[in-house]
Amino acid sequence: MTSQTTTVARLHGTLPGPRSRELFERWAKAEAQCTGYQARVCWDRAQGVVVTDVDGNTFLDWTSGVLVTNVGHCHPHLVQAVQAACAKLMNNYECLNEPRVNAAEKLVSILPPHLDKCFFLSTGSEATEACVRIMKRKTGKFEIISFHGGFHGRTYAALSSGGLAGPKKGYGPTLPGAIRVPFPYCYRCPFRAEPETCDLLCLDYLDDAVRANSTGSLAGVMVEAYQGSAGFVFAPPGWFARLQEWIRAHGLLFTLDEVQSSFGRTGKLFAMEWENLEPDLVALGKGIGSGIPTSAVAARGQVIDALGEGEMSSTMGGNPVSCAAVVAVVEILESEKLEQNALRVGALMKSRLLEMKEKCPYVGDVRGLGLVMGVELVKDKKTKEPAPDLTRKLIDVAAQNGLLIGSVGVFGSVIRVAPPLVITEAEAHESLDIFEKSLGML
Ligand SMILES: Cc1ncc(COP(=O)(O)O)c(C=O)c1O
């Protein structure tokens with residue numbers, strides 16, 4: 001069922017509007033232009049799933065920033081909690097503040113029981129970087145196994161564990177000890193196997209990689225719960241459970257990077273719940289503050305307690321404003337049961353996207369879970385030649401039609417479908433109508 005009526009998105013004129021254009025020009029003169037490709041829209045304000053630009057145009061948002069605003073843009077409860085915290089105390093470094101205790105207790109209370117401690121930092125990269133440090137500190141070893149296509153951030157250990165060339169190009173050499181192995185990108189299987197019959201052959205490659213590369217100093221494995229930057233690549237069912245068995249059999253530590261997959265995004269509070277995984281360390285970020293910069297490491301106490309006094313800290317980590325945000329975000333997720341909305345509206349959106357795949361010659365694959373889906377564009381469905389140019393064009397066309405989307409992917413050819421988890425069915429249908437119309441204009 002589709003509704004063809006646009007009710008939220010309203011544009012007047014061609015993008016960028018006059019005020020946006022002026023601001024883009026001023027920006028280019030004052031700040032280095034090194035961010036990724038985005039629609040020519042200068043955001044002014046946003047509420048829930050609706051963004052208004054400085055020219056008064058309104059858009060539906062499939063980006064959530066970059067999978068950040070899980071509870072919706074500027075959720076009133078979050079805004080109120082942050083404003084109240086700001087008025088009281090904004091920073092005190094490592095000295096204790098009550099919001100930090102509240103946030104730590106709240107976070108531990110929603111984690112699987114084996115993860116009984118946490119530690120607050122500021123960015124996702126800081127959290128993954130910390131996980132690498134903890135794995136090394138705990139084991140006294142230095143080799144980290146990670147995956148082709150993985151993205152764990154732009155700081156040095158995070159980048160070295162990453163499996164995308166883009167963030168590394170020009171910054172070599174990367175850290176010694178990074179052993180990278182293929183991730184099950186089944187649409188483009190590196191082994192040319194079929195998921196129905198492969199018996200997860202890519203996991204056998206782990207033993208080969210260790211035999212070929214390890215100096216005997218393996219510390220642990222770091223892997224995203226699904227690969228975000230590589231193009232929302234989800235491992236087939238059972239893959240993670242088998243990976244976890246392998247990690248345990250080798251006596252290694254297991255870090256799951258849930259910087260973008262947690263806080264309801266996949267339809268569970270944490271993506272690890274889908275296969276009852278028990279990682280030793282989990283990196284959290286993005287949705288944990290839903291717009292307020294904060295991140296955390298969740299850990300087995302016996303693992304993170306390897307760190308002694310003064311061994312981990314961060315200037316902004318655990319500040320009272322971010323911590324108030326963490327508490328408010330969890331309260332909203334719990335009271336509004338947003339992971340259930342993610343499942344319900346996500347299923348509706350996926351089924352319509354799959355219908356579009358049948359009709360549109362450029363949609364090669366639609367994949368995802370809850371409210372995180374990737375639409376991979378190709379020039380030809382048989383050859384699967386990636387279509388990054390069409391992806392860029394679609395970003396612009398969709399914005400002009402009132403929908404904000406972004407792209408990711410090993411080839412830059414995957415559209416991110418990741419609206420705030422508060423999206424209603426009506427907003428989902430309206431945004432899908434716009435997306436379908438935009439695909440037809442390629
Ligand atoms: C899975 C994952 N890990 C780590 C990061 C790095 O987070 P940040 O940009 O906050 O440093 C990202 C950011 O996109 C991410 O998607």
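Just so it is clear, none of the values below were taken in a lab; they were calculated from the coordinates. All values reported here derive from a predicted model rather than from experimental measurement. Reconstructed Cβ throughout: ideal geometry from the backbone, glycine too, with neighbour counts over all protein chains shown.
Can you give the local net charge around residue 132? Use residues other than it whose beta-carbon is closer than 13 angstrom to its beta-carbon, Lys and Arg +1, Asp and Glu -1. Could you put the intermediate results ahead of the total?
Working: positive: 133, 136, 137, 138, 141; negative: 126, 129, 143, 257, 280.
For residues surrounding residue 132, the net value is 0.
Could you check the simple spin-label distance between residue 250 and residue 426, using points 7 Å along Cα→Cβ, in nm with one decimal?
A separation of 5.3 nm, rounded to one decimal place.
Step through the residues of segment 291-298 one at a time and calculate ³J(HN,Hα) from phi using the Karplus curve (6.51 cos²θ - 1.76 cosθ + 1.60, θ = phi - 60°), rounding each to whole Hz and writing x for Gly and Pro.
My calculation for segment 291-298 gives x, 8, x, 6, 8, 7, 10, 9 Hz in order.
Which length gain, in nm to one decimal place, applies between residue 382 and residue 7 when the Cα-Cα distance is subtracted from 0.36 nm times their residue separation? Each step should come with its number before you reach the end.
On the way: separation 375, 0.36 × 375 = 135.00 nm, distance 3.75 nm.
Value of the extension gain: 131.3 nm.
Not counting the cut sites, what is the longest span of the chain without GluC sites (Glu not before Pro) that DSSP labels loop and that have at most 16 other Cβ atoms within 10 Å? Don't skip to the end; give the middle numbers.
Numbers: sites that count: 31, 94, 196, 309, 311.
The longest such stretch corresponds to 312-442.
Below 8 Å, C-alpha to C-alpha, sequence gap of six or more: please give me the relative contact order for segment 1-150 in percent. It would help to have the intermediate numbers written out before the result.
Working: 93 pairs, mean separation 22.1, N = 150.
Computed over segment 1-150, the figure is 15 percent.
Which loop chymotrypsin sites (Phe, Trp or Tyr not before Pro) in segment 90-191, with loop taken from DSSP, have no more than 14 other Cβ atoms within 10 angstrom of their Cβ? Present the calculation step by step, with values, prior to reporting the outcome.
Details: sites: 93, 119, 120, 142, 147, 151, 156, 171, 185, 187, 191; in loops: 93, 142, 151, 171, 185, 191.
Qualifying residues, ordered by number: 93, 171, 191.
For residue 192 and residue 165, what is the calculated FRET efficiency with R₀ set at 25 Å and r taken between the beta-carbons, to the nearest 0.05? If you can, show how the numbers build up before the last one.
Details: r = 21 Å, r/R0 = 0.85.
After rounding to 0.05, the efficiency reads 0.70.
Can you pull the one-decimal nm distance between simple spin-label points at residue 305 and residue 27, each 7 Å off the Cα toward Cβ?
Simple spin-label model gives 4.8 nm for this pair.
Tell me whether the chain comes out rounded, prolate or oblate; compute the Cα gyration tensor, take square roots of the eigenvalues as a ≥ b ≥ c, and use a/c under 1.5 as the rounded threshold. Can you show the working numbers first?
On the way: a/c = 1.67, a/b = 1.19, b/c = 1.41.
Oblate.
Answer rounded, prolate or oblate for segment 98-195, using the Cα gyration tensor with square roots of eigenvalues a ≥ b ≥ c: rounded when a/c is under 1.5, else prolate when a/b is larger than b/c, else oblate. Let's see the in-between values first.
Details: a/c = 2.15, a/b = 1.59, b/c = 1.35.
In terms of gyration-tensor shape, prolate.
So what J values fall out for segment 433-442 if you push phi through Karplus, 6.51 cos²θ - 1.76 cosθ + 1.60 with θ = phi - 60°, rounded to Hz, Gly and Pro as x?
So the J values, rounded to whole Hz, are 4, 5, 4, 4, 4, 5, 4, x, 9, 6.
Report, in listed order, any pair from 359/384; 350/437; 106/268; 286/393; 337/357; 359/437 with a Cα-Cα distance greater than 19 Å.
On the way: 359/384 16 Å; 350/437 17 Å; 106/268 17 Å; 286/393 27 Å; 337/357 30 Å; 359/437 12 Å.
Correct reply: 286/393; 337/357.
Regarding segment 296-435, what is the average projected area of its C-alpha convex hull, in nm²?
Details: hull surface 48.6 nm².
Mean orientational projected area (segment 296-435, Cα hull): 12.1 nm².
Once fully extended, how much extra length lies between residue 154 and residue 14, figured as 0.36 nm per residue of separation less the alpha-carbon to alpha-carbon distance? All intermediate terms of the calculation are to be shown ahead of the outcome.
Values: separation 140, 0.36 × 140 = 50.40 nm, distance 3.50 nm.
Extra length available between residue 154 and residue 14 comes to 46.9 nm.
If the cut-off is 18 Å between C-alpha atoms, which aspartates and glutamates fall inside it for residue 88, apart from same-chain ones fewer than 8 positions away?
By straight Cα distance, residue 88 reaches 98.
Roughly what % antiparallel, to the nearest 5, for the DSSP beta bridges in the chain?
Working: 34 of 52 bridges.
Around 65 percent antiparallel, to the nearest 5.
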